[in-house]
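Comments concern the structure below.
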Amino acid sequence: MDNSDIILDSISDGVFTVDSEWHITSFNSAAEDITGIARSDAKGRFCSEVFRSSMCEDGCPLRETLKTGKPVINKTGFIIDADGSRIPISVSTAVLRNSEGEVIGGVETFRDLSEIEALRKELTGSFSIGDIVSHSPAMRNVSDMATAVAGSPSTVLILGETGTGKELLARAIHSMGRGESRPFVAVNCGALPDSLLESELFGYKKGAFTGAASDKPGRFALAGDGTLFLDEIGEISPALQIRLLRVLQEHTYEPLGSTVTETTEARIIAATNRDLAALVKEGKFRLDLYYRINVVSIELPPLRKRKEDIPLLADHFVRKFNFLQKRDIEGFTPESYSIMIAWDWPGNVRELENVIERAFVLSKGRWITPEQLPDEITGADNYLRRGNIPDDTGNMEGAKKTAEKKIIIDALEKSGFNRQKASDLLGIHKTTLFRKIKELDIIIPHGKKDRGV
Amino acid sequence: MKNIKTCFSVWQGRIAPVFDVSSNILIQETEEGKVKSEYSLQLPAETVFDRVSFLSENSVDVIVCGAVSRETAMLLNLFKIKCFPFISGSVEEVAAAYYEERLSESRFLMPGCGRRRMCRRRFNFHHK
């Protein structure tokens, strides 16, 4: 290693130099770290094949510098590392000259902006997919998948429990892909009887049945080249499944009472809270239709599996209801937050929204207190409903664990979740209490995790 | 034997360094293992999705290209286009190596594509 390599290695930014043929002649250790490419592998190779930047092909700053003789400062783009990750970078360039002043190549310095990007995200604390806000890693996967499929015409199947936001996700995919200007039409297949659903989807002609006084376009026609969202797809009858399969395969259908075949360009997004594969096994859902709609599936996690989102969502709904009801509520007291985090939210985000709307009605002050939350979620037995330990096992071991859990929770509550005080109350060592909390899956409310530790 | 359409992402006579932003492709169609026709096309400039769906619309079965982000890899998978990523070299040499199943030779791999890296794994996508 010569002196120039030692100097280059002392620089925290990535630095490489190229000769006039675009071969890499030096590559410092920061460049090795950022790109994941060893100096020995980089030297002598074309810089574009080592650096792999979004700027290489069209807009290379080094080419511009060598052409104009002027440096380029902090031009931003991304590189793709050997793991396929896009790394945001900023690039600066300069001309390299020999002692006679002749141009012998160029030098490029680059800075990894990932940390700055990560810090920015940490400061904002969340990301959004359309109207869905989250900072849960589980939702990050949903976001990545939704973004990847948004522009695709493929049918998407959204899976998730009731109230997880399936329609919101469908709207987000529609907005990212087909754009706000095209229609988004939603149909709840479970809410309509079969005959009505058929006429809703495909439309009808005047006189098609008693009461059909004029032509009516169906939801497929209304969706045009936008998106048709079919919620509760698992509820449709076998007869309608056949008609729907034909539309998905051939993009054609006939309105009721019509002899003219219509075509549709609508993108289909279906959703269900049912296990479609199980329905197929039971013979209640056609296998061919299942394959047609299950091209890409995205599963929305229930709220109990992303509890870190509860404060974020709660604040979001407070802002929403403040706006809608012209109120000025500040938010929740710490006790209210703790109770809401402890609850398992079987009705998911929709239940949370309803609870907050109810609290707005009951609240006269500026803070939402536990008194304004429903009894079912503030009840003491709330804590016992959590975790994996059944309290109705009917056997000695289960009953013992349930009783143990209740005693520990009582002690924790009495001590204000101070683990030292709680262990004193229980007459056990603090480390035994920690072990029990973990074993019995006892969730310590947010903001009280460090007490007495 | 099915005719196969293979696409090479091209820039200045070599495999383009980054498929996510590349502009030009060379498509070769083989019949019974022999190249029967070839033509060049320009990829749409807008989004990665536009590029990948363009390949699908042109019935491309296989792509041989340079660096590929995971997002693009996911879309290629979605469109069932088999991908040989992180390849470098002159298009002529790479094409010959591809047909002779020699693309795993180290001289055709981009630097940094050591063992355990995504670029060493050929995306195991389905053929159409």
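Residues of the stretch A:309-327 include none that is outside any helix (DSSP H, G or I), within 25 Å of A:Asn188 (Cα to Cα) and under 20 Å from the mean Cα position of the chain (by Cα). When B:Phe86 is tested against (1) within 9 Å of chain A (Cβ to nearest Cβ); (2) modelled with pLDDT under 90; (3) surrounded by 24 or more Cβ atoms within 10 Å (Cβ to Cβ), just one condition goes unmet, and that condition is (2).
Counting just the residues of the stretch B:53-70 that are out of contact with any Phe, Trp or Tyr (no Cβ under 9 Å at 6 or more places or on another chain) and within 12 Å of chain A (Cβ to nearest Cβ), which one comes out least open to solvent (accessible area, probe 1.4 Å)? Looking at the filtered set, the residue picked out is B:Phe54. Cβ-Cβ distances below 8 Å connect the following pairs, each with a first residue in the stretch A:188-208 that is assigned by TED's automatic domain parsing to the domain that holds A:Ile269 and at positive phi, a second residue that is outside any loop (DSSP other than H, G, I, E, B) and modelled with pLDDT under 85, and a separation of six or more residues or different chains: A:Gly203/A:Lys216.
Counting only helices (runs of 4 or more DSSP H) wholly contained in the stretch A:7-78, the ones carrying 2 or more residues that are in contact (Cβ under 8 Å) with a residue 60 or more places away in the chain, touching a strand residue (DSSP E or B) at 6+ places or on another chain (Cβ under 7 Å) and of a type in the set (A, V, I, L, M) occupy A:29-35. With respect to the stated conditions, A:Gly84 fails to be assigned to a loop (DSSP other than H, G, I, E, B), in contact with a strand residue (DSSP E or B) (Cβ under 6 Å, 6 or more places away or on another chain) and within 12 Å of chain B (Cβ to nearest Cβ).
Going through the stretch A:37-56 one residue at a time, which ones are facing chain B (nearest Cβ under 8 Å) and under 15 Å from A:Pro88 (Cβ atoms)?
As a first pass, look at the stretch A:37-56 and keep what is facing chain B (nearest Cβ under 8 Å): A:37-38, A:41-42, A:45-46, A:48-54, A:56.
Scanning the stretch A:37-56 gives A:Phe51, A:Arg52, A:Ser53, A:Ser54.
Can you tell me which of A:Ala266, A:Ala239 is surrounded by fewer than 15 Cβ atoms within 10 Å (Cβ to Cβ) and over 20 Å from A:Gly165 (Cα atoms)? Outline the logic, then answer.
Numbers: A:Ala266 fails: surrounded by fewer than 15 Cβ atoms within 10 Å (Cβ to Cβ).
Sole residue among the options that is surrounded by fewer than 15 Cβ atoms within 10 Å (Cβ to Cβ) and over 20 Å from A:Gly165 (Cα atoms): A:Ala239.
A quick yes/no check of all residues on (1) in contact with a Lys or Arg (Cβ under 8 Å, 6 or more places away or on another chain); (2) open to solvent by 40 Å² or more (accessible area, probe 1.4 Å); (3) within 22 Å of A:Met176 (Cβ to Cβ):
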{"site": "B:Asn24", "(1), (2), (3)": "no, yes, no"}
{"site": "B:Arg51", "(1), (2), (3)": "no, no, yes"}
{"site": "B:Met74", "(1), (2), (3)": "no, yes, yes"}
{"site": "B:Glu100", "(1), (2), (3)": "no, yes, no"}
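Inspection of the stretch B:3-22 finds a residue satisfying the criterion of being in a loop (DSSP other than H, G, I, E, B), open to solvent by 60 Å² or more (accessible area, probe 1.4 Å) and facing chain A (nearest Cβ under 9 Å).
Each row is one residue, and each column tells you yes or no for (1) within 13 Å of chain B (Cβ to nearest Cβ); (2) at pLDDT below 80; (3) open to solvent by 40 Å² or more (accessible area, probe 1.4 Å).
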residue	(1), (2), (3)
A:Arg97	no, no, yes
A:Val103	no, no, yes
A:Phe110	no, no, no
A:Lys121	no, yes, yes
A:Ile129	no, yes, no
A:Asn141	yes, no, yes
A:Ala148	yes, no, no
A:Ser154	yes, no, no
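Across the stretch A:330-374, the number of residues qualifying as part of a loop (DSSP other than H, G, I, E, B), modelled with pLDDT under 90 and buried (at least 20 other Cβ atoms within 10 Å of the Cβ) comes to 1.
The values are calculated or read from the model by the stated rules, or taken from the named source; none is laboratory data. On a predicted model such as this, the values are computed, not experimentally measured, just so you know. In this analysis, Cβ positions are derived from the backbone assuming ideal geometry, glycine residues included, and neighbour counts consider all displayed protein chains. Ligands, DNA and RNA are stripped out before the accessible areas are found, and what is left, the full protein with its side chains, is counted by its heavy atoms. Shrake-Rupley method; radii C 1.70, N 1.55, O 1.52, S 1.80 Å.
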